[in-house]
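> One structure, pasted below without further comment.
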Amino acid sequence: MDGKGTRWAELLLLGIQLTVLWPIAAVEIYTSRVVEAVNGTDVRLKCTFSSFAPVGDALTVTWNFRPREGGPEQFVFYYHMDPFKPMSGHFKDRVVWDGNPERYDASIILWKLQFDDNGTYTCQVKNPPDVDGLIGEIRLSVVHTARFSEIYFLALAIGSACALMVIIVIVVVLFQHFRKKRWAERAQKVVEIKSKEEEKLNQEKKVSVYLEDTD
């Protein structure tokens with residue numbers, strides 16, 4: 001094989017190696033997947049990412065929304081060096097940037113939730129040369145009131161434990177109180193018995209002295 005053929009073979013091998021290694025360098029997105037929030041409140045849509053390349057000024061973040069009832073996809077938010085809020089549409093004045101690219105965070109906050117906010121929110125991060133990778137999704141459910149979730153179970157467990165500790169303390173204090181009271185009553189009885197015995201002895205002595213005097 002001549003020099004030109006060897007060169008082409010090396011380039012072909014290099015291309016195959018890059019093709020194999022490139023998927024490893026794709027941006028990976030991490031989201032909460034499913035979020036439930038109460039109507040009228042604010043919610044943070046968390047989106048973090050990892051990238052093979054260092055985060056730089058070329059980083060872009062795009063948020064879009066697909067309504068649950070169907071319909072065209074809607075623009076929510078865009079970030080490139082600075083946040084760009086929607087100037088019109090459903091999310092105007094209702095979404096703010098809450099991310100930090102240096103910490104690989106591309107999250108946003110959605111204000112004043114409405115029932116028509118129900119749907120799927122997508123978070124896409126591109127960090128050239130890492131521009132491939134899956135798009136993160138969050139399925140948001142807006143409800144009237146919060147469900148009895150694990151947080152409430154945890155609060156109930158903590159409250160029950162605290163109540164149990166208070167009951168135990170009260171029982172111990174009452175036990176100590178009644179034990180001291182019983183000891184005091186016993187001591188009082190002992191004193192009374194001794195007093196009665198001494199009084200009886202004194203009476204007996206008086207009687208014996210009287211009898212001796214009469215003799």
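The values are calculated or read from the model by the stated rules, or taken from the named source; none is laboratory data. Small disclaimer: the values here were computed from a predicted structure and weren't measured. Neighbour counts are summed over all protein chains in view; Cβ atoms, including those assigned to glycine, are modelled from backbone coordinates with ideal geometry. SASA here: full protein model, heavy atoms, side chains in, ligands and nucleic acids out. Shrake-Rupley method; radii C 1.70, N 1.55, O 1.52, S 1.80 Å.
> Restricting attention to region 66-83, does a residue exist that is more than 20 Å from GLU137 (Cβ to Cβ) and touching a strand residue (DSSP E or B) at 6+ places or on another chain (Cβ under 6 Å)?
Within region 66-83, one or more residues are more than 20 Å from GLU137 (Cβ to Cβ) and touching a strand residue (DSSP E or B) at 6+ places or on another chain (Cβ under 6 Å).
> Can you tell me which residues in region 99-127 are in contact with a Gly (Cβ under 8 Å, 6 or more places away or on another chain), closer than 14 Å to SER51 by Cβ and surrounded by fewer than 17 Cβ atoms within 10 Å (Cβ to Cβ)?
The answer is ASP105, and nothing else.
> LEU45 - would you say it is modelled with pLDDT under 95 and either of a type outside the set (Lys, Arg) or under 22 Å from PRO101 (Cα atoms) (or both)?
When the stated conditions are applied, LEU45 does not pass them.
> Pick from VAL96, VAL143: which is of a type in the set (A, V, I, L, M), surrounded by 12 or more Cβ atoms within 10 Å (Cβ to Cβ) and more than 24 Å from THR48 (Cα to Cα)?
One residue alone meets the criteria, VAL143.
> Inside region 61-92, can you point out the residues that are open to solvent by less than 70 Å² (accessible area, probe 1.4 Å) and more than 26 Å from VAL27 (Cα to Cα)?
If the condition is that a residue be open to solvent by less than 70 Å² (accessible area, probe 1.4 Å) and more than 26 Å from VAL27 (Cα to Cα), then GLY70, GLY71, GLY89, HIS90, PHE91 are the ones that fit.
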